[in-house]
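Notes follow once the structure below has been shown.
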């Protein structure tokens with residue numbers, strides 16, 4: 001029998017809040033998604049002005065990061081032409097995201113969930129996702 | 001050119017909060033989704049214990065209610081065997097929901113969004129969605 | 001080798017126009033789709049106020065009527081519980097529509113396309129689709 | 001509450017007309033799609049001879065341009081191997097188009113919709129989409 005460590009809704013809100021504040025700071029309204037360690041959605045917000053196309057992209061970045069236990073930008077590197085994971089980006093009906101902005105949420109070395117951000121450049125998305133993680137870590141004390 | 005009225009993220013949060021409080025009150029952890037008037041997701045929360053299968057169901061109930069400008073339970077009645085809309089429930093890849101728990105959000109006679117709730121019985125889902133609407137209306141003053 | 005008779009864009013426009021005028025007359029803004037005899041979209045219009053959920057439904061009603069050479073309301077009857085085509089409404093990923101409002105376009109006994117209408121009641125959708133056919137027949141002289 | 005500006009069906013027709021005339025001029029029958037600012041289809045025409053595969057491509061180019069507020073050819077550049085958005089083209093079930101021919105429709109600095117064109121080379125598609133925008137801007141006068 002397994003015992004799974006999984007973020008709860010309160011954790012998800014703290015991730016969302018940290019990301020949202022950074023997005024506001026850099027002036028880019030974002031779609032922000034939080035998934036649990038099984039890749040299933042826990043919380044989502046589209047800030048006013050966030051892109052419609054980014055709804056699914058944010059959810060899928062978070063799904064990828066939590067489900068594959070890897071940052072989406074790492075897949076970006078590993079899936080370049082000639083690299084070992086070339087072509088992985090169209091897997092799972094296109095849900096496996098290889099663009100930066102999806103990060104696993106790790107506690108005591110275990111992936112407990114993921115955060116996915118979309119609407120800015122991949123660098124901005126990644127910065128905002130990282131701010132979510134930072135806020136969560138601070139809240140964890 | 002058209003001018004459209006659409007709920008914003010703050011409105012979505014007030015809908016979520018009203019629904020969540022009712023869900024807590026009746027002791028059923030729910031998935032709660034808020035969409036805008038075009039059916040696109042604005043906010044989502046899965047309360048701890050909410051069903052994994054209800055993630056998509058809540059989102060699609062809200063999509064249906066906002067996009068079709070009709071409560072999902074009305075489709076339930078209209079799509080019974082022998083009724084005029086029989087079979088509509090499998091339309092749009094199954095996204096058109098005919099089970100209660102999806103309600104349009106109406107301001108001054110215009111649909112500005114939707115709320116969709118899932119994890120309880122359809123009657124509970126509908127009660128919780130209605131509580132979201134009530135909280136929103138109160139906040140509107 | 002086959003020679004296929006297929007409606008052209010001008011025909012599609014005359015179908016659209018007839019349907020649109022009836023929709024305006026009865027005061028229900030509609031989504032109206034025209035497909036060719038292979039089920040592929042030729043023309044589409046969402047009147048101002050037409051439902052977002054009806055975009056796909058109108059297209060799929062037309063797809064069904066032209067592809068299956070049968071009015072969608074006929075499938076509605078044939079797919080009732082206990083009837084021979086029970087369950088057909090979820091076929092093709094839900095594209096096979098059994099709700100009224102899809103009609104084949106027939107010229108000299110051959111199906112050359114289809115029209116699909118959605119946003120009203122199934123009876124209204126069907127009335128508006130029929131008006132499209134009537135206008136087309138008149139234009140054919 | 002937000003107030004949104006959205007193109008109406010008459011605007012969509014003027015975009016379609018401008019694009020169609022250019023397509024006729026260059027001798028390439030096109031699929032032309034117009035979406036609103038939320039990415040939902042408003043109008044579509046497949047000119048006689050337009051490609052069947054281009055139906056969805058034109059719709060998705062328009063969806064991408066309006067929903068992401070960006071020309072699809074810009075995504076083409078940003079998603080080259082080694083570039084930051086590499087892999088984005090398979091997102092949203094492949095709906096996010098990175099091939100030229102999708103342009104946002106902008107009025108007073110706001111995206112009010114999109115136009116997507118397909119059946120020619122990407123350069124032809126883009127030229128025809130731009131002609132749609134030009135006709136629309138003239139009509140706005």
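Values as computed for the structure displayed
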item	result
Matching residues, the range A:17-45, being surrounded by 24 or more Cβ atoms within 10 Å (Cβ to Cβ), touching a strand residue (DSSP E or B) at 6+ places or on another chain (Cβ under 7 Å) and either within 14 Å of chain D (Cβ to nearest Cβ) or in contact (Cβ under 8 Å) with a residue 60 or more places away in the chain (or both)	A:19, A:30, A:31, A:32, A:33, A:34, A:35, A:36, A:42
Residues being farther than 13 Å from residue A:129 by Cα and more than 7 Å from chain D (Cβ to nearest Cβ) - total across the range A:46-59	6
Sole exception among (1) within 14 Å of chain D (Cβ to nearest Cβ); (2) more than 23 Å from residue A:57 (Cβ to Cβ); (3) surrounded by fewer than 19 Cβ atoms within 10 Å (Cβ to Cβ) for residue B:93, by number	(2)
Candidate set from the range D:1-16 (those that are in contact with a helix residue (DSSP H, G or I) (Cβ under 8 Å, 6 or more places away or on another chain) and assigned to a helix (DSSP H, G or I)); member that is surrounded by the fewest Cβ atoms within 10 Å (Cβ to Cβ)	D:14
Members of the range B:112-141 found to be surrounded by fewer than 23 Cβ atoms within 10 Å (Cβ to Cβ) and closer than 18 Å to residue B:31 by Cβ, listed by number	B:120, B:121, B:122, B:123, B:124, B:126, B:127, B:130, B:131, B:133, B:135
Filter result for residue D:21 (touching a helix residue (DSSP H, G or I) at 6+ places or on another chain (Cβ under 8 Å), assigned to a strand (DSSP E or B) and at pLDDT 95 or above)	no
Test set (1) under 15 Å from residue B:30 (Cα atoms); (2) free of Cβ contacts under 8 Å to residues at least 12 places away in the same chain - residue B:109 fails condition number	(1)
Which numbered condition residue A:90 fails, given (1) under 19 Å from residue A:12 (Cα atoms); (2) free of Cβ contacts under 8 Å to residues at least 12 places away in the same chain	(1)
Conditions (1) crowded, with 24+ Cβ neighbours inside 10 Å; (2) within 12 Å of the chain's Cα centre (by Cα): number failed by residue B:56	(1)
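The values are calculated or read from the model by the stated rules, or taken from the named source; none is laboratory data. Since the structure is predicted, the reported quantities are computational estimates derived from the model, not experimental observations. Virtual Cβ from ideal backbone geometry, glycine too; neighbours counted across all protein chains shown.
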